[in-house]
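Below: the structure, in structure tokens.
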Amino acid sequence: MLSLIQTEFLKLKRKKFIWFMFIPALLMPLVAVLYFKAGSQVDLTPIKFYRWTAFSYTTWLILPFVLGMLITMLVYQEVENNLLTQLWIVPVGKLRFIISKFCVMWLYSICFMLICASGSIVIGSVSGLIEITNTSVLNLILKCLEIGALLPFGMIPILALATTQKGYILPVSTTIVYIFFGFILLMGNMYLHPLSSVIGILMRNIEGVVMKDPVQIWKALLSIALWSGSSIALAINVLRKGKVV
Amino acid sequence: MTLYLWAERLKLKRSNIFKIAIFSTIIIAAIVFMQGQFIYYGERYIDEPEWYLTAIQSLGSFYVFPAIIALMGTYIICRENQDDTLKSLVLIPVSISKMLIAKLLMTAFYSLLLYGFVFLIALTVELSLHFSLLNLNTILNNFKMYLLTGIGFFLAVSPIITLVYKLKGSHWLALIFAEVFAFLGLFASMQSTLRAIYPITAVFNISGYYEATSSEIILSLISLILCGTVSILFIMRFNKNSSKV
């Protein structure tokens, strides 16, 4: 399993544009600076600034979209270069194949959030908007690590869909709709959707973020487990039938 | 040019991109309808006349439709590379600039169709809920707004779509940029001058979704014309370098 994951990372080394996909991590820190510089800076605390830079749209929309695109691209390029056939010949187990892709997505997500955290600290302090304190920096980094580590679990259904498709149009369109649905459900019944369930867990203890109802972690975890388990089972079934080679 | 358009139409008939776009639109319409069930100050959003007509347009336009339009455009352009048909086309020889213009015109047409379809769904829902409160003037005004938004969004994302021809293997980046570009409109809409200049929000100024002064409308027009001009400049540049394919 470890060698399979290592191979995945070796393949990533050849894809230079992967680095460019980290650029959106700095988007919200820049937007936050422009917003607070243009408007009122009264009562601007580090947590309020970080809420803008890392805990809002970056978590709700930007990171899920980047992860959806990343995973679709990784799987599609395997199909395009006829690598899947060779992987099945080795043979590589279908579940192991999906797990190896998930590991790439998981590590990418953590790196993305760490870049976002670093960007928030640097941009916030250079612009003079916030005072950097050890506690606020530590809290930001820990929360970003938590977001980076948990959010990919909400994207497992997209990973499962991508592995069952020869093309990229359906996974990309589904990613767009899926993220939008998760975003809307945050203020409704978040437990219907795995992504909104993950975001619910992440937002439960952020100062100043008010959810409609208190987050019930067990319900959210159950939703994530059900969606992830069933989508992976379906994907393995499709892969076993040999429809995607 | 007619021949190029005819060829593009035939190529698209074999693809299911538009069917997937339509399916995504139906799902988005259902999600927005679901959001309309949320209660705000004791009243459901959907109970307010014209809420659905405006909500689907604004939510869809900031989060979903520009990315779908960019996906259609990038797919139409990228498939020549992916299917390895570009070399054969250059051998014929086909004018790269004419081919790209035909592809852009097809994207513009599909963008219009997509918004026309969204309008049809929104109108059906509104008529079934508030038949007696809607008048012909409101319907025609909204129809004009949707069509202008459709063509405006195509112009706004056209430089990104055109750039894809050069990005080739990295066309995934274009999709991420298109989504981020649309989503930034949320923040650009907070300031009137920026709202008039930023292409995504400029579309709303021109379509009449935002109330705008005549100078703001002129600024918005200039912004969108600039987007179109940049796309044409890219195409002319690509044509010069077509021998390097």
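Structure above, values below:
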| quantity | calculated |
| --- | --- |
| Given chain B, longest segment not containing exposed loop GluC sites (Glu not before Pro) (DSSP; at most 16 other Cβ within 10 Å) | B:51-210 |
| Label-point separation in nm, residue A:16 to residue A:83, each point 7 Å along Cα→Cβ | 1.8 |
| Candidates B:159, B:49, B:199: whichever shows maximal mean-square fluctuation once chain B is modelled as a Gaussian network with Cα springs under 10 Å | B:49 |
| Selection of GluC sites (Glu not before Pro), the stretch A:99-207, meeting DSSP coil and at most 14 other Cβ within 10 Å | A:131, A:207 |
| Estimated FRET transfer efficiency (residue A:146, residue B:91; beta-carbon r; R0 45 Å; 0.05) | 0.25 |
| Candidates A:105, A:69, A:211: whichever shows maximal mean-square fluctuation once chain A is modelled as a Gaussian network with Cα springs under 10 Å | A:211 |
| Set of lysines with alpha-carbon distance to residue B:87 below 21 Å, sequence-local pairs under 8 removed | B:11, B:98, B:103, B:166, B:168, B:240, B:244 |
| Residue B:128 paired with residue A:126, simple spin-label distance in nm, labels 7 Å along Cα-to-beta-carbon | 5.3 |
| GNM result for chain B, Cα springs below 10 Å: residue of B:208, B:152, B:42 fluctuating most strongly | B:42 |
| Largest-first principal axis extents, alpha carbons of the stretch B:2-244, Å | 65, 40, 30 |
| Length-normalised contact order of chain A in % [C-alpha pairs under 8 Å, at least 6 apart] | 25 |
| Spatially proximal aspartates and glutamates relative to residue B:13 (Cα-Cα < 19 Å; intrachain offsets below 8 disregarded) | B:80, B:83, B:84 |
| Coarse-grained scattering of the protein assembly as shown at q = 0.08, 0.10, 0.11 Å⁻¹, given as base-10 log I(q)/I(0) from a Debye sum over alpha-carbon atoms | -0.51, -0.82, -1.00 |
| Diffusion constant of chain A at 37 °C, which comes from Stokes-Einstein with the Kirkwood Cα-pair radius and 0.692 mPa s, µm²/s | 174 |
| Between 0 and 90°, nearest 10: helix A:194-203 axis offset from chain A longest Cα axis | 30 |
| Long-range lysine pairs (8 or more apart or interchain), the stretch A:13-152, Cα under 18 Å | 5 |
| In degrees, nearest ten, helix B:214-240 long axis to first principal axis of chain B (Cα) | 20 |
| Chain A: calculated mean residue ellipticity at 222 nm from DSSP helix runs of at least 4, using -39500 (n - 2.57) | -23000 deg cm²/dmol |
| Exposed-loop-free span, longest in chain B, where chymotrypsin sites (Phe, Trp or Tyr not before Pro) count as exposed if DSSP calls them loop and at most 15 other C-beta atoms lie within 10 Å | B:42-245 |
| Cα centroid separation - the stretch A:35-67 against the stretch A:96-165, whole Å | 14 |
| Principal-axis tilt of helix B:51-63 within chain B, Cα atoms, nearest 10 degrees | 30 |
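Any read-out appearing in this document is the output of simple, stated calculations on the displayed coordinates, not a laboratory observation. The structure displayed is predicted, hence computed values, not measured ones. Counting neighbours? That spans all protein chains shown, and the Cβs are built from the backbone with ideal geometry, glycine included.
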